[in-house]
């Protein structure tokens with residue numbers, strides 16, 4: 001592999017790991033289920049996509065079709081799962097956090 005491709009793959013790996021770390025910190029630190037689902041839905045999607053791009057750059061047989069299918073699958077399933085998680089939390093009437101404190105509807 002060329003040096004430029006290896007550097008690009010390394011940068012994508014670092015970006016993916018960073019977004020995964022942000023998602024993990026968001027799950028631990030954010031106050032309610034809605035904020036946690038938002039952190040997971042956004043950061044995990046970006047993290048997995050960056051990791052898949054790095055994997056596609058490092059593959060020797062240039063099978064980008066598999067990487068593109070994985071990216072498409074992640075773009076479709078993670079936001080839908082996050083939405084369904086928030087819908088289940090809403091139907092169970094979980095409390096929400098606002099700047100004024102906890103809100104019970």
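Structure data summary
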item	result
Some residue of the range 32-41 being over 30 Å from residue 91 (Cα atoms), surrounded by 14 or more Cβ atoms within 10 Å (Cβ to Cβ) and touching a helix residue (DSSP H, G or I) at 6+ places or on another chain (Cβ under 7 Å)	no
Identity of the residue in the range 1-31, out of contact with any helix residue (DSSP H, G or I) (no Cβ under 8 Å at 6 or more places or on another chain) and either buried (at least 16 other Cβ atoms within 10 Å of the Cβ) or over 24 Å from residue 54 (Cα atoms) (or both), that ends up modelled with the lowest pLDDT	31
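The values are calculated or read from the model by the stated rules, or taken from the named source; none is laboratory data. Note that this is a predicted model, so its numbers are computed, not measured. For neighbour counting, all protein chains shown are included, and Cβ atoms are generated from backbone atoms with ideal geometry for every residue, glycine included.
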